[in-house]
1. Per residue of the stretch 106-120, what does 6.51 cos²θ - 1.76 cosθ + 1.60 with θ = phi - 60° give for ³J(HN,Hα)? Whole Hz please, x for Gly and Pro, Karplus curve as stated.
2. Under 27 Å between alpha carbons, and skipping anything fewer than 8 positions from LYS35 in its own chain: which lysines qualify?
3. In whole Hz, what ³J(HN,Hα) sequence does the stretch 283-291 give by Karplus (6.51, -1.76, 1.60; θ = phi - 60°), x for Gly and Pro?
4. What whole-number distance in Å separates the alpha-carbon centres of the stretch 104-146 and the stretch 225-244?
5. May I ask you to compute the full-extension gain from GLN241 to PHE100, defined as 0.36 nm times their residue separation minus their alpha-carbon distance, rounded to one decimal in nm?
6. Could you tell me which residue out of PRO167, LEU216, GLY290 lies farthest along the dipole of the stretch 145-291 toward its positive end? Charges go on the beta carbon: Lys and Arg +1, Asp and Glu -1, centred on the Cα centre.
7. Restrict the search to the stretch 1-73; then list the trypsin sites (Lys or Arg not before Pro) that DSSP places in a loop and that have at most 14 other Cβ atoms within 10 Å of their Cβ.
8. Taking one equal scatterer on every alpha-carbon of the stretch 1-112, how large is log10 of I(q)/I(0) by Debye at q = 0.12, 0.15, 0.16, 0.19 1/Å?
Amino acid sequence: MTTVISVENRKGGVGKTTTAVTLAVRTAQKIAPEKVLLICVDPQGDAARALGLDPGGRCLSQLLREEASYGDVIMSADLAANGGPSRPNLYYLPASNRLFAALTTIQEDVVAMREIANKMTPQERKRKGLDEIDDLTARVLNILQPLKSTKNGPKYIFIDCPPSLGPMQMAIHKFADYAIVPVEPGDQDLAMTVQHTTEIAEDLKHGAKMKLLAVLPTNVQPQLNLHTAMLSQIRKVYEPQRALVTYIPRRTAIQQGPSLGGLVIFDHEPDSDAAKAYDVLSERVLAVGGR
Ligand SMILES: Nc1ncnc2c1ncn2[C@@H]1O[C@H](COP(=O)(O)OP(=O)(O)OP(=O)(O)O)[C@@H](O)[C@H]1O
Ligand SMILES: [Mg+2]
């Protein structure tokens, strides 16, 4: 069985990409030779750089437009051949700025089909197969679901989300089993994070299945009073929901990782406090999805 974990928060720059990439790499190390897939649904495509990969024009939009097969778009994230870290069981499905154009086309197609169907009698609709028109959520899910059910497919799928999932939100919240929500210690960040986790709970009432696994304070400087104060506020809100697993301290090495050719903290500072904290989080992931 595949476990899908979406890393998301409507607040930008809080460590979503860093967390998705670091967890994907760590999980792949721990469950080898079973596979891990990281899906990018962010048109910024930052996860590619964080993994040291060049997607070379590959984009999830090609799957949504049915222009390419899964094998054409999914790439290996193994850097061993170029002298980088060995990640033989880690795979990456990239996104680019073509993603939203593809979603807009699908949305327009759904509207056009509905307009045509509305002009027909129920019998005509049935005859032409237009009595049930898939909405955008269903169409995105149709593309994503096979990634879970493929033989020899990934045991874990991580999703790196943009600040706004826009029209993909319900599809992602139906596709994913769990959410990890990174948050930086700031007033605005906590308010937006509470909004975000409230929305996850709302979607759960409306047909989604994704549950909150962890709220993850990132980029934390425990020596700052502001950060310890914010941490205790985050604790107050999320400890009762058992969503606070650990926090990630600020570490320059994390920031440098992408420019060093796609290193994560486990590659160049495996004994640091930040690596240990990400390891604690990865154990939480393995606790829900199995090894
Ligand atoms: N623990 C940390 N220590 C130091 N720097 C960090 C840490 N976590 C994240 N960063 C840095 O903070 C910046 C933002 O992180 P990241 O890109 O992961 O955020 P994001 O939430 O994905 O952003 P966006 O909303 O734009 O997608 C990056 O430069 C990253 O290297
Ligand atoms: Mg990002």
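1. Running phi through 6.51 cos²θ - 1.76 cosθ + 1.60 with θ = phi - 60° gives 4, 4, 5, 5, 4, 4, 5, 4, 5, 4, 5, 4, 5, 7, 9 Hz.
2. Here the lysines satisfying the reach criterion relative to LYS35 are LYS16, LYS148, LYS151, LYS155, LYS174, LYS209, LYS211, LYS276.
3. 5, 5, 4, 5, 5, 8, x, x, 9
4. 45
5. On the way: separation 141, 0.36 × 141 = 50.76 nm, distance 3.39 nm.
Between GLN241 and PHE100, full extension yields an extra 47.4 nm.
6. Among PRO167, LEU216, GLY290, the one farthest towards the positive end of the dipole of the stretch 145-291 is GLY290.
7. Values: sites: ARG10, LYS11, LYS16, ARG26, LYS30, LYS35, ARG49, ARG58, ARG65; in loops: ARG10, LYS11, LYS35, ARG58, ARG65.
For trypsin sites (Lys or Arg not before Pro) across the stretch 1-73 that sit outside H, G, I, E and B with at most 14 neighbouring Cβ atoms in 10 Å, the list is empty.
8. -0.45, -0.69, -0.77, -1.04
Bear in mind that the values in this text are calculations on the coordinates, not laboratory data. Because the structure is a prediction, the values reported are computed rather than measured. Cβ atoms come from the backbone with ideal geometry, glycine included; neighbour counts cover every protein chain shown.
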